[in-house]
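The values are calculated or read from the model by the stated rules, or taken from the named source; none is laboratory data. All values reported here derive from a predicted model rather than from experimental measurement. For neighbour counting, all protein chains shown are included, and Cβ atoms are generated from backbone atoms with ideal geometry for every residue, glycine included.
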Amino acid sequence: MFQGVVDESNVALDWFPEASGRSWVHIVSHAHMDHLRGLDVDSFQGSIHCSWVTGSLLSIRKNIPSKHLTLHALREPFFLECTYRGTLIRVSCEFVDANHCPGAVMVLLEFPEHTVLYTGDFRYHPNMFGTQSLLRTRSIDVLIFDSTFFHPKVKFPSKEKSAGLLIDLIERKSTETPIFFSCEMLGSEEMLLVAAQHFGEKFFLHDSIHLQPSQRRLQLECLPSLAPFVSENPQSRFVIGSVCRNSCERSDYLCLRPSALFFAQIMIRSKSPESVEPMYVSRDAKFARILFSMHCDYVELRKFINEIAPKKLVPMVLPPGFKDEISFLQLLREHYPSKLSSSLLTSNQLVPKKESCDCSHKSLFVSVCAISLE
Ligand SMILES: [Zn+2]
Ligand SMILES: [Zn+2]
């Protein structure tokens, strides 16, 4: 299982290892909190490489000062000064759209002897392999992939289909019925945008568990396509946030919650997962969950891996439904017997060693970093 550091290098992906006398090159694939593990904003002195949108979101959500952010556009290669096998080298790096949440990217790293693709969290889309696509034209040796739902029983509708379900549900209600979108997660905005455009409504931002309304407003400003659909009017029919007390008294309202894990768990437990409905509506029809996934399902992951055809595979997380890492790796090994190098699957090899052979390059590396910060 991937531990956060590219093998034999000091490139940390979506992870902030504790200070261990070693310098790190930090890349953050997107702004979800579980991809900022170990980051202590107050003591952080380094620089984070990320996309422009992720950079803006990190400033808003984590108060990371812009001097600690190095921003890159999609499909614009840049060089990283990093260590590999104890030597300071320049590695070409390029971001590819991950179809996950706003700003989310995959990271392509070209080391001298091999190429690594780190998917971060992603949702497969056929466009990823269009004729000009980097993923199609570049040969990839090591694929570190988002294995969140790598389970044979998990099948998701496309994001577009999920948005269609959402529209159907709203259309069943009268045009007066208040609609609450319980979407805390960065990434559900795609669904909101479809609903706003379809019904010609604007959203009022109500409460949020994780973000202050002001933060949420700023967050929306980073998402230019959604910003025109934000309203200042508390009487708006569409509200982002959970059902508020006043509305609970109303005879009619609809609270919608997009969710993937909830449905995946039902599919995994079910004897006939294909018959699991992609939405759950409460008996009083006031609350509905809609299957909406920002991650690949099983078939999509297999398609993606086959198209990439890497030499080595490294999963990022243990999917639901597996009792432990061993049983999951067994399944992977059955599918891809030659691609699971045992060295890549040994956690110890991936955990950065406290004492590393690149210490002699540390001072040089720090000075390179300092230059890029100015
Ligand atoms: Zn994510
Ligand atoms: Zn994640």
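A few comments on the model shown:
- Condition broken by residue 68, with the remaining ones in (1) within 26 Å of residue 114 (Cα to Cα); (2) modelled with pLDDT of 95 or more satisfied: (1)
- Here is the figure for the stretch 268-291: residues that are in a helix (DSSP H, G or I) and of a type in the set (A, V, I, L, M, F, W, C) total 1.
- Condition met for residue 249 (at pLDDT 90 or above and either of a type in the set (Val, Ile, Thr) or more than 26 Å from residue 56 (Cα to Cα) (or both)): no
- In the stretch 115-174, the residue that is farthest from residue 194 (Cα to Cα) out of those that are hydroxyl-bearing (Ser, Thr, Tyr) and in contact with a Lys or Arg (Cβ under 8 Å, 6 or more places away or on another chain) is 115.
- Only one of the numbered conditions (1) more than 16 Å from ligand 1 (Cβ to nearest atom); (2) among the small types (Gly, Ala, Ser); (3) crowded, with 19+ Cβ neighbours inside 10 Å is not met by residue 260, and that is (1).
- For residue 314: the one exception among (1) farther than 20 Å from residue 7 by Cα; (2) outside any loop (DSSP other than H, G, I, E, B): (1)
- Residue tally, condition surrounded by 22 or more Cβ atoms within 10 Å (Cβ to Cβ) and more than 21 Å from residue 144 (Cβ to Cβ), over the stretch 39-57: 3
- Failed criterion for residue 75 (all others in (1) at positive phi; (2) modelled with pLDDT of 95 or more hold): (2)
- Selection within the stretch 89-122 - within 16 Å of ligand 1 (Cβ to nearest atom) and either assigned to a loop (DSSP other than H, G, I, E, B) or not assigned by TED's automatic domain parsing to the domain that holds residue 50 (or both): 98, 99, 100, 101, 102, 103, 104, 119, 120, 121, 122
- Taking the criterion of being more than 12 Å from ligand 1 (Cβ to nearest atom), surrounded by 19 or more Cβ atoms within 10 Å (Cβ to Cβ) and free of Cβ contacts under 8 Å to residues at least 60 places away in the same chain, the residues of the stretch 17-38 that qualify are 24, 25, 26.
- The stretch 1-45: number of residues that are within 15 Å of ligand 2 (Cβ to nearest atom) and outside any loop (DSSP other than H, G, I, E, B): 7
- Check on residue 51, in contact with a Gly (Cβ under 6 Å, 6 or more places away or on another chain), at pLDDT 95 or above and at negative phi: yes
- Any hit, the stretch 117-135, residues being in contact (Cβ under 8 Å) with a residue 24 or more places away in the chain, surrounded by fewer than 21 Cβ atoms within 10 Å (Cβ to Cβ) and more than 20 Å from residue 74 (Cβ to Cβ): no
- Only one of the numbered conditions (1) in a helix (DSSP H, G or I); (2) under 21 Å from residue 104 (Cα atoms); (3) of a type outside the set (D, E, K, R) is not met by residue 294, and that is (1).
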